[in-house]
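This report refers to the structure that appears directly beneath it.
Taken together, the values in this text are just the output of simple stated rules run on the coordinates, not laboratory data. Because the structure is a prediction, the values reported are computed rather than measured. Using ideal geometry, Cβ is built from the backbone for each residue, glycine included, and neighbour counts are taken over all protein chains shown.
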């Protein structure tokens, strides 16, 4: 998963679906059903993208947005209006009102493998409450 913030690209590496900011959305029935409509492994499946789609997140004015959902194999975008009502969709995406967690992110890409780093990795902690960024700081 990718997070765009202040002209930087951060990477989230959730081990399980519920560890992702998108994970809490699955606990809301109407959204889980809409997301699962796009979960088709018959055309493509990869362990690097087990959900079949990858979210792109964005932070603007201390608000976390689901900016895009991209199909991993085809790189096609899943239109957010297939999941959310149009009134929820803004210029930056959908406010991630369902997110209430702390995350560890990297600034630098690890090629999906924890032991092969293409460049020096800096790690950051991010705390989100009801979609609002409470804190975002480099790990000590």
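Values as computed for the structure displayed
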| quantity | calculated |
| --- | --- |
| Relative exposure of 66, 4, judged by other C-beta atoms within 10 Å (fewest first) | 4, 66 |
| Relative packing of 81-94, 123-136, which averages over residues the other C-beta atoms within 10 Å, highest first | 123-136, 81-94 |
| Likely footprinting exposure, 121, 78, fewest C-beta neighbours within 10 Å first | 121, 78 |
| Stretchable slack from residue 19 to residue 104, in nm (0.36 nm times residue separation minus alpha-carbon distance) | 29.6 nm |
